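> Just dropping this structure here.
The values are calculated or read from the model by the stated rules, or taken from the named source; none is laboratory data. Model, not experiment: these values are computed from the prediction. We place every Cβ from the backbone using ideal geometry, glycine too, and count neighbours over all the protein chains shown.
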Amino acid sequence: MILNVVKYGTPVLRAKGARIESVTPTLKKLIADMFDTMYAAKGIGLAAQQVGLPIQLTVIDVRGVTDRPSWLDVGGNQTDVEACMPMVLINPELKPSGERVEGAEGCLSFPEVFAEIARLETVDVKAQDATGKPLEFRCGGLLARVIQHEVDHLQGILFIDRMDKATKERLKPELDTLQAATKAELKS
């Protein structure tokens, strides 16, 4: 089932997600619905906050993105990124490292808004998968960027918070219009 993706100005986007204590049939259905929603919107990542639920859950799938490669290391071994997709991260904990790298980002909660965002190039991830099994890996490239973007959502942090001042000023009219439209829609 395709869920409604909330837009900038919806309070839940600023909510820190609650930890998930167990994988229930309801959570499994939510995960499936989040993938359906992400694919329908042609996204590569979606956080629970973006569908109105402040919990520690994100879904990711970077398959098919060839112009921005990713790499994945599990237990010291290079692993095929495509074989690990789609990816579910429950209660993720990140340890980003390396150099800051600029890269283009968009967000399903900010339609048609794109900007260069500086993020650390590598991230160590500890989380649980869709079955509740522990996951631990290191990644880089687009996958590291997407994971950092989505885990920010789980903390109530938006990609506009990571923009430099000049970029945010340039996008201010679009952001103000989007936020006003969202708030008007919420009131109706």
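> Contact list please: Cβ distance under 6 Å, first residue in the range 172-188 and at pLDDT below 95 and surrounded by 11 or more Cβ atoms within 10 Å (Cβ to Cβ), second residue among the charged types (D, E, K, R) and part of a helix (DSSP H, G or I), pairs at least six apart or on different chains.
Within 6 Å, no pair qualifies.
> All but one of (1) in a helix (DSSP H, G or I); (2) surrounded by fewer than 13 Cβ atoms within 10 Å (Cβ to Cβ); (3) of a type outside the set (Ser, Thr, Tyr); (4) touching a residue at least 60 places away in the same chain (Cβ under 8 Å) hold for residue 161; state the number of the condition that does not hold.
The one condition residue 161 does not meet is (4).
> Is it the case that some residue within the range 142-149 is touching a residue at least 12 places away in the same chain (Cβ under 8 Å), part of a loop (DSSP other than H, G, I, E, B) and closer than 30 Å to residue 23 by Cα?
Among the residues of the range 142-149, not one is touching a residue at least 12 places away in the same chain (Cβ under 8 Å), part of a loop (DSSP other than H, G, I, E, B) and closer than 30 Å to residue 23 by Cα, which makes the answer no.
> Test residue 18 against the criterion of being over 15 Å from the mean Cα position of the chain (by Cα) and over 23 Å from residue 159 (Cα atoms), and give yes or no.
Numbers: over 15 Å from the mean Cα position of the chain (by Cα): yes; over 23 Å from residue 159 (Cα atoms): no.
No; evaluated as a whole, the condition is false for this residue.
> To continue, here is another question. Which one of these does residue 58 not meet: (1) surrounded by fewer than 13 Cβ atoms within 10 Å (Cβ to Cβ); (2) part of a strand (DSSP E or B); (3) polar (S, T, N, Q)?
Residue 58 satisfies all of (1) surrounded by fewer than 13 Cβ atoms within 10 Å (Cβ to Cβ); (2) part of a strand (DSSP E or B); (3) polar (S, T, N, Q) except (1).
> Looking only at the range 92-108, which residues are surrounded by 14 or more Cβ atoms within 10 Å (Cβ to Cβ), assigned to a strand (DSSP E or B) and among the aliphatic types (A, V, I, L, M)?
If the condition is that a residue be surrounded by 14 or more Cβ atoms within 10 Å (Cβ to Cβ), assigned to a strand (DSSP E or B) and among the aliphatic types (A, V, I, L, M), then 94, 101 are the ones that fit.
> Is at least one residue of the range 122-139 among the polar types (S, T, N, Q), part of a loop (DSSP other than H, G, I, E, B) and farther than 30 Å from residue 74 by Cβ? Before the answer, list the steps.
The first filter runs over the range 122-139 and keeps only residues among the polar types (S, T, N, Q), leaving 122, 128, 131.
Of the ones still in play, those that are also part of a loop (DSSP other than H, G, I, E, B) are 131.
Retained after the next criterion (residues that are farther than 30 Å from residue 74 by Cβ): none.
No: zero hits.
> Can you pull out every residue in the range 1-40 that is charged (D, E, K, R) and either more than 16 Å from residue 186 (Cα to Cα) or not in a loop (DSSP other than H, G, I, E, B) (or both)?
Matches in the range 1-40: 14, 16, 19, 21, 28, 29, 33, 36.
> Given the conditions (1) in a strand (DSSP E or B); (2) over 14 Å from the mean Cα position of the chain (by Cα); (3) among the hydrophobic types (A, V, I, L, M, F, W, C), and given that residue 89 satisfies all but one, which numbered condition is not satisfied?
(2)
> With respect to residue 43, is the statement that it is modelled with pLDDT of 95 or more, outside any helix (DSSP H, G or I), surrounded by 15 or more Cβ atoms within 10 Å (Cβ to Cβ) and touching a Lys or Arg at 6+ places or on another chain (Cβ under 8 Å) true?
In short, no.
> From (1) out of contact with any helix residue (DSSP H, G or I) (no Cβ under 7 Å at 6 or more places or on another chain); (2) free of Cβ contacts under 8 Å to residues at least 40 places away in the same chain; (3) of a type outside the set (A, V, I, L, M, F, W, C), pick out the condition that doesn't hold for residue 112.
Going through the list (1) out of contact with any helix residue (DSSP H, G or I) (no Cβ under 7 Å at 6 or more places or on another chain); (2) free of Cβ contacts under 8 Å to residues at least 40 places away in the same chain; (3) of a type outside the set (A, V, I, L, M, F, W, C), residue 112 breaks only (2).
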